[in-house]
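What follows draws every value from the coordinates through simple rules; no lab data is involved. Model, not experiment: these values are computed from the prediction. Every residue, glycine as well, gets a Cβ built from its backbone with ideal geometry; the counts of neighbours run over all protein chains shown.
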Amino acid sequence: MRTLHIMRLRKGRGVSTVLGTLIFIGILFSAVIPMFLVMKQADTIYTQKVHEMENRDEERASEVVEAYGYPVNETSSELMVRVANNGVVPIKIVRIWVNDVDYSQNTMVASLETEVLGPFPVSLKDGTSYVVKVTTERGNVFASTAGTLYFTDGYWFTPSLGIHVLVLNWVGKYKISIYNITWHPEGYETQGIDFGDIEWSQLVDEPGGYTVSVMKKKGGDWVPLPGTPIGVVITWPGGSPVINVIADGRDF
Amino acid sequence: MTRERRGLTPVIATIILSAVVIAVGGAVWSYAQGASIVIANDYVNGTLSLMKEVTERFTVEHVSNNSDGSILYVWIYNYGDVDIVVDVYANATHYAAPPTYNFSSTLNTTVVSGGIVRIEVSYQGNPLQIGDEVAIKAHSRRQNNAYSTYYAS
């Protein structure tokens, strides 16, 4: 009799334990686990966004743009802007600034490509400087490499004309020269084996035709890179005061 | 007879105990669910807010001043994915002897994503003179900053 009584009591306790366990498991699966899943999902979205923004910041930092503002002709009230994308990512030009006036743009410039934008009307005032700037969609602002344009006595002036050479390179020794029929300056030669791209600029005295030669040392001989020597013409005003030449020496 | 009567009590006790367990358990379950929803919502809202903070991107794109130097114009470009509210602070140093300092601010300007806004910062005291250095700070309400230095012209 006594044993039977104890067994009955145990049966009663067992029901509550089972119910308590079921409720605990129910709470675990219907409240706690979904809560953690939602939190985990939010964390995942956040981490994804952080990585996305890091990539965008890297792309922004890798933008390399050279912009040149120049008048259509010596007395023109319109400016043209030549934009050279020397970086590895395509860029989108969203604005051109001429002093405090901005002109909305929507122009894509692919990597290593050049676009000419304009004409942009400017109000000419004697003795005034004009600063040209280019804004990209990623928030970079590039001022005109040619410097400030200056308008006085009814004519435009710019500080300098030049040719800028970019050699895409993994490894090698190079010799760059820029010349024309009457003018043959010394040029530039890398001091040793260079790793990475090489840039060099040469100022020239006057607009006109020039030849750009880029040679690479191969087995003791100087060999011209494919596409060079190449003729370029500086037509400022009416064209950019600075000419970009890009030569590829990577697989050569 | 006695055995049958005695047998009822454990059954009733079990039923009552089970009912109490179910009632208390249900209450705890309900509370736990409500609490977990509140905690999850708070966490998600906090994370989304933090996400907006890290995705905010803006820059001082251009600066100029008016001819008498009483107003500074600051163009803020929002190139991020979220709208921003910025406060612009400008601290000018006049290099004429003795040097003087002038501080101004314009608060609470909204710049939508991808947009540009010109913000006017007025100088009530000494106007800007040519060559004055102006340190500009654009501060967003999500605690991000963009800086620029401008020389009055």
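Listed values, structure above:
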item	result
Cα→Cβ-extended label distance, 7 Å offset, between A:Asn73 and B:Glu120, nm	4.1
Part-to-part distance (alpha-carbon centres) for segment B:3-60 and segment A:94-121, which is given in Å	59
Average other protein chain Cβ within 10 Å of Cβ, residues A:126-137	1
Order of A:Thr135, B:Thr106, A:Thr47 - criterion: other Cβ atoms within 10 Å of each residue's Cβ, fewest first	A:Thr47, B:Thr106, A:Thr135
Positive-end residue of A:Ser104, A:Gly87, A:Pro119, charge dipole of segment A:62-159 with Cβ unit charges	A:Gly87
For B:10-23, mean number of other protein chain Cβ atoms within 10 Å	3
Neighbour-count order for A:Asp221, B:Asp87, fewest beta carbons within 10 angstrom listed first	A:Asp221, B:Asp87
Nearest-20 debye value, chain A charge dipole, Cβ charges on Lys, Arg, Asp, Glu	2780
Where only C-alpha atoms are counted, convex hull volume of segment A:161-252 per residue in Å³	89
Projected label distance in nm at A:Tyr103 and A:Thr17, using a 7 Å step from Cα toward the beta-carbon	8.6
Dipole magnitude (debye, nearest 20) for segment A:94-205, charges at Cβ of Lys, Arg, Asp, Glu	120
For chain A, with +1 on Lys and Arg beta carbons and -1 on Asp and Glu, the positive-most of A:Val65, A:Gly209, A:Phe36 along the dipole	A:Phe36
Full-extension gain in nm, A:Val233 to A:Ala143, via 0.36 nm per residue minus C-alpha separation	30.1 nm
Karplus (6.51, -1.76, 1.60) ³J(HN,Hα), θ = phi - 60°, over segment A:221-226, in Hz, Gly and Pro reported as x	10, 8, 10, x, 5, x
Mean residue ellipticity (222 nm) of chain B, computed from DSSP H runs ≥ 4 via -39,500 (n - 2.57), nearest 500	-13500 deg cm²/dmol
Selection from B:Ile130, A:Val233, B:Val111 lying farthest towards where the dipole of the protein assembly as shown points positive, charges on Cβ	B:Val111
Highest-first arrangement of A:53-60, B:131-138, A:179-186, B:76-83, where packing means the average Cβ count within 10 Å	B:76-83, B:131-138, A:53-60, A:179-186
Partner chain coverage, peptide B:26-35 - average Cβ within 10 angstrom	4
Gain in span if fully extended, A:Lys218 to A:Ser123, counting 0.36 nm per residue against the direct Cα distance	28.8 nm
Degrees separating the helix A:33-61 axis from the principal Cα axis of chain A, which is the longest one	10
Candidates A:Ile193, A:Ile178, A:Ile91: whichever shows maximal mean-square fluctuation once chain A is modelled as a Gaussian network with Cα springs under 10 Å	A:Ile193
Too-long pairs where the Cα-Cα distance tops 22 Å, listed order kept, from A:Lys92/A:Lys133; A:Lys92/A:Lys216; A:Lys40/B:Lys52; A:Lys175/A:Lys218	A:Lys92/A:Lys216
Between 0 and 90°, nearest 10: helix B:2-55 axis offset from chain B longest Cα axis	10
Förster radius 56 Å - calculated FRET efficiency between B:Lys137 and B:Ser30, Cβ distance, rounded to 0.05	0.65
For chain A, built as a Gaussian network whose Cα springs stay under 10 Å, the top-fluctuating residue of A:Gly20, A:Gly227, A:Gly208	A:Gly20
Calculated FRET value between B:Thr93 and A:Ser160, using beta carbons and R₀ = 51 Å, to 0.05	0.95
Calculated FRET value between B:Leu8 and A:Val32, using beta carbons and R₀ = 45 Å, to 0.05	0.70
Rel. contact order, % - alpha carbon contacts under 8 angstrom, at least six apart, chain A	16
Cα-centre dipole for segment B:58-151 with unit charges at Cβ (Lys and Arg positive, Asp and Glu negative), debye to 20	160
Whole-number Å³ per residue for the convex hull built on Cα positions in chain A	216
Max mean-square fluctuation residue, GNM over chain A, Cα-Cα springs under 10 Å, options A:Gly220, A:Gly69, A:Gly196	A:Gly220
Angle between chain A longest axis and helix A:2-27 axis [Cα atoms, degrees, rounded to 10]	20
Inter-centroid distance (Cα atoms) of segment A:41-89 relative to segment A:198-252, Å	25
